[in-house]
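> This is the structure I want to talk about, given as structure tokens.
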Amino acid sequence: MAFDRRRLLQVGASAALTGALPVACAPPRTASASPPAGPADHTVRIGTGLVELAPDKIIATTTYNGQFPGPLLRFKEGRRVVVDIRNDTDSPEQLHWHGQTIPVDVDGSAEEGTPFIPAHGARRIAFTPGPAGLRFYHSHLPAGADLAAGQYSGQVGPVYIEPRREPGRYDREVFLTLKEFEPTLSRGGDMAMDFLSPATPDPLLKATGERAMNASLAAGAPHGYEVGYDLFSINGKMLGHGEPIRVKAGERVLFHVLNGSATEIRSLALPGHRFQVVALDGNPVPGPAEVPVLWIGTAERVSAIVTMDNPGVWILGDIADDDRRRGMGVVVEYAGRKGEARWVAPGKSHWDYTLFGRPGARPRDADETFDLTFAKSNAALNGFNLWTINGVAFSQMRMEPMLKLREGRRYRLRMHNASDDIHPVHLHRHSFELTAIAGHPTAGVLKDVVMLGGYQSIEVDFVADNPGRTLFHCHQQLHMDFGFMALFDYV
Ligand SMILES: [Cu+2]
């Protein structure tokens, strides 16, 4: 295997003991000023806890502050916060502030050079939160074959950075964290998902991917491992357990939905209602369009307003019947209504990021374009699929930057998927603008994760405005742990 968790943790532990950064990691180029003394604004404690998904479904996992999801942390845009992170576990940890444009020293990625939070130790950090909107925090350790580690655990919590000006008119906000538990490995091969639109597979990518897969199978290899789950939850409760979301007719409810999964793409529908999508990954969209179903890739966030205009008792749930029946849903109950919660399957739906863009707008030109091709070597690492970017699987030992950035330049990443899997690709410490989806130009949608469909290409632009090492990776834990990562660095 390309990395070994025990070895990695040893590196982390020795780094913690000596106060040095892990070997092969350059010191962060942008260290924040040292945090002040006195009480912290927030304390996050990493430790083992029990989560009662249902009365007969109580699981033990690593959590934040003994609860799942971790506490909603509310920050104010531009107002510096001090956070104490205590680690009561036996392993060094990393806590990543997903979607924030903050320095390497506090971002929470060992690959970039963030110091570990030592086992049975603590770290105080300070940073200025931003950009405004729905973000989250989660463990950023590779899990490899350890399905109790990384994001397979309960180390996920929402962050809301209050903007100086709140977009959209609404009566109430509701935060939902979607998460599966009890993971297992299987050889099943993932179900093909074809909800992305526009969907124009690239014949060359398809031929390349299928040739590699067929050669591997012909040589007698089994299908590489995939992860599946037994239990599904919203805000740590299986459907039918926990409190319903109580609403009144006529209310406009703003749902902030976070997909806290380690590996899964989720869908969400509320029968008889529509979602007006107002923000993606916390960033207000220029075209707040209405859709019947939300599709949310691993680590993506959607903020959507629902006008409560269809009184009753409904299931807000995943459209995948198996997953919803095993817990992925929550009851929405109108005032004065009682009875069994109803589910009505929506018709076939598509998810088109360009719907939310600036109509007719074309993206600005980039100063430089990088082509990145993602490929899979079936079952190449002890039965796990090995992932490469431009032929290179990321090495946790070498930590070598793949791209060099110059501050102030606008870069275009032209990403090509030579596999049939959907990849939720993520860039740390920067936001990017979607500029083309399967050949269709778009502009104005800012994100930090985007789903790239099987055998498709997409383009995103970002401005190199946050010096220091920057991690780029697929947010599917099984992909990022087995090669699908790259470091960018500033020259
Ligand atoms: Cu992936």
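> Can you work out the accessible area per residue across the range 312-355, with the rest of the protein chains kept in place, probe 1.4 Å, in square angstrom? Don't jump to the answer; show the numbers that get you there.
Details: 2260 Å² over 44 residues.
Solvent-accessible surface per residue comes out at 51 Å².
> Moving to a separate point now. Once the whole set of protein chains is in place, how much accessible area is left on residue 61, using a 1.4 Å probe, in Å² to the nearest 10?
20 Å²
> So, for the range 379-421, what is the accessible surface per residue at a probe of 1.4 Å, expressed in square angstrom?
Details: 1910 Å² over 43 residues.
In whole numbers, the range 379-421 has 44 Å² accessible per residue.
> Additional query: Using each residue's phi in the range 115-130, evaluate 6.51 cos²θ - 1.76 cosθ + 1.60 at θ = phi - 60° and report the 3J(HN,Hα) Karplus result to the nearest Hz, with x for Gly and Pro.
My calculation for the range 115-130 gives x, 6, 8, x, 4, 6, x, 8, 9, 9, 10, 9, 7, 9, x, x Hz in order.
> Next question, about the same structure. To the nearest 10 Å², what's residue 295's accessible area with a 1.4 Å probe?
Probe radius 1.4 Å; accessible area of residue 295 about 30 Å².
> Which value in deg cm²/dmol, rounded to the nearest 500, describes the helix-derived mean residue ellipticity at 222 nm for the chain, given -39,500 (n - 2.57) per DSSP H run of n ≥ 4 and division by the residue count?
On the way: 5 runs with 43 residues, N = 491.
Mean residue ellipticity at 222 nm (helix-derived): -2500 deg cm²/dmol.
> Rounded to a whole number, what % of the accessible area of the chain do carbon and sulfur atoms account for, probe 1.4 Å?
Reported share for carbon and sulfur atoms: 50 percent.
> Taking all pairs of different Cα atoms in the range 338-462, averaging 1/r and flipping that mean, what Kirkwood radius in angstroms comes out?
Details: mean 1/r = 0.0597 Å⁻¹.
Evaluated over the range 338-462, this radius sits at 16.7 Å.
> State the dimensionless ratio Rg/Rh of the chain (Rg: radius of gyration of Cα atoms; Rh: Kirkwood radius).
That ratio is 0.94, to two decimals.
> Still on this structure, I have one more. Report the chymotrypsin sites (Phe, Trp or Tyr not before Pro) located in the range 210-240 that are in a DSSP loop and have at most 11 other Cβ atoms inside 10 Å of their Cβ, or state none.
Working: sites: 225, 229, 232; in loops: 225.
Nothing satisfies the criteria.
> Hey, if we sort 77, 340, 226, 210 by accessible area with the 1.4 Å probe, largest down, what's the order? Show your work: numbers first, answer last.
Working: 77 55, 340 160, 226 15, 210 80 Å².
The ordering from most to least exposed comes out as 340, 210, 77, 226.
> If you don't mind, there's one more thing I want to ask. Need one value: the accessible area of residue 321 in square angstrom, 1.4 angstrom probe, rounded to the nearest 10.
The value for residue 321 is about 70 Å².
> Which whole-angstrom value gives the distance between the alpha carbon centres of the range 453-471 and the range 337-351?
36 Å
> With the contact rule set at Cα under 8 Å and sequence spacing of 6 or more, what percent relative contact order holds for the chain?
On the way: 1351 pairs, mean separation 77.4, N = 491.
Computed value for the chain: 16 percent relative contact order.
> I'd like the antiparallel share, as a percent to the nearest 5, of DSSP beta bridges with both residues in the range 155-283. Please list the in-between numbers first.
Details: 10 of 17 bridges.
Counting only bridges with both partners in the range 155-283, antiparallel ones make up about 60 percent.
The values are calculated or read from the model by the stated rules, or taken from the named source; none is laboratory data. Everything numeric here is computed off the predicted structure, so don't read it as measured data. When we count neighbours, we look across all protein chains shown, and the Cβ atoms used for this are built from the backbone with ideal geometry, even at glycine. Note: accessible area is taken over every heavy atom of the protein model, side chains too, but ligands, DNA and RNA are not part of it. Shrake-Rupley method; radii C 1.70, N 1.55, O 1.52, S 1.80 Å.
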